[in-house]
1. Test of understanding: what is the full-extension gain from TYR188 to ILE101, defined as 0.36 nm times their sequence separation minus their Cα-Cα distance?
2. Hey, in the GNM for the chain with a 10 angstrom Cα cutoff, which one of ALA106, ALA68, ALA42 fluctuates hardest?
3. Take MET244, MET29 and order them by how many other Cβ atoms sit within 10 Å, fewest up front.
4. Can you sort PHE229, PHE39, PHE67 from fewest to most other Cβ atoms within 10 Å of each residue's own Cβ?
5. Please state the relative contact order of the chain as a whole percent: Cα pairs under 8 Å, 6+ residues apart?
6. How long is the gain from ASP240 to ASP79 if the chain were fully straight, where each residue apart is worth 0.36 nm and the alpha carbon distance is subtracted?
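Just so it is clear, none of the values below were taken in a lab; they were calculated from the coordinates. A quick note: this is a predicted structure, and the numbers were derived from the prediction, not measured. Note that we place each Cβ from the backbone using ideal geometry, even for glycine, and neighbour counts take in every protein chain shown.
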Amino acid sequence: MKDFHSPRERRAYYHGLSGEEKYNALQEMVNESKRIVFFGGAGVSTESGIPDFRSKDGLYNKPDVQFADYSPEYLLSHDCLFDEPKVFFEFYRQKLDVRDIEPNAAHYKLAEMEKAGKLSAIVTQNIDGLHEKAGSKTVYNIHGTTFRNYCTGRPRHDLPADFIVTSKEAIPHCPVCGRMVRPDVTLYGEALPDDAVYGAIRAIEEADMLIIAGTSLTVYPAASFVRYFQGENLVIINRDETPMDSEAVLVFHESVGKVLGGIQL
C-alpha cells in the first residue's frame, strides 16, 4: 500500500477516493488484515425488512393506537416489563417477532469472512439473531437477543426462542417454576450483559481492522466501544454521516449489503 507520513495524510488520501477506487482500497485492506472486527447497528438489519428504531420510517415512529399513550423507550423498558407486563408483551409480540425474517447479503458475507479466517468477531447492537442465523459463530450481542428467553425465577430456566411469541398467555410463565418469562434482551433501565461487553471490548482492542456499519454511533454506552480500536484501518458504512466519519480511513454512505457484498475472499 502507499506510504504516508502521518495518519492525517493517510485519511486525506483515502477520503479523496471515489467509486471503484474506494472499493479497491477496501478490498486491499481486507486482504492485508487478519483480525477484522465488525461493529453493527440497526442499519445492517433494515435490508432484511426489520425497521430501525429512530428513522422516520422506524419502529419508534409507527405506534399502534393502543400504544399511543406510551413512549417507545418505556415500552421496551425494565419498568414496563415489571409494572405493566401485559402492555410490554403485546408490544413485543407485535413489533419484535422476527421468526420469518431472513439474513441479508451483509449477514452472509460476514459469516463467509469468519469462515475464511478474516473476521474474528461481530459486535452487534441488534437483537434479531440474524448473524447467528446466517452462520456466524463469534457474535457479541451487547443488547442481548430475542432468540433467547428465560424465567425470572431462581434457579433460572432457559426457554425456547419462540416461547414468548407462541405462548397463549398474555404474560408468559415458565412451565417449570411458574415465574414470568422474559426475553434475554437488555431493556431500557438495565445494564448491558457483562460477558458480551468484555468480549466485545477485547475483540475490538485486538483488531487490526474495524468495520462499523449501519449505526449512527449515538447510542451509548455501546457507541463508546469503538474507541478501544487501536489499528489503522477504520471503515464506516452508513447511509448517513456519523460523528466518527472524519476519523475513519474509508467512509461509504451506501447500502451495507452492497459494500460488504463487493468483498472477495
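1. Details: separation 87, 0.36 × 87 = 31.32 nm, distance 2.43 nm.
Extending this stretch completely gives an extra 28.9 nm.
2. Answer for the Gaussian network model of the chain: ALA68.
3. On the way: MET244 17, MET29 22.
Arranged by neighbour count, lowest to highest, MET244, MET29 become MET244, MET29.
4. Working: PHE229 21, PHE39 29, PHE67 17.
Ascending Cβ contact count within 10 Å gives the list PHE67, PHE229, PHE39.
5. Numbers: 454 pairs, mean separation 63.0, N = 265.
This gives 24 percent for the chain.
6. 54.7 nm
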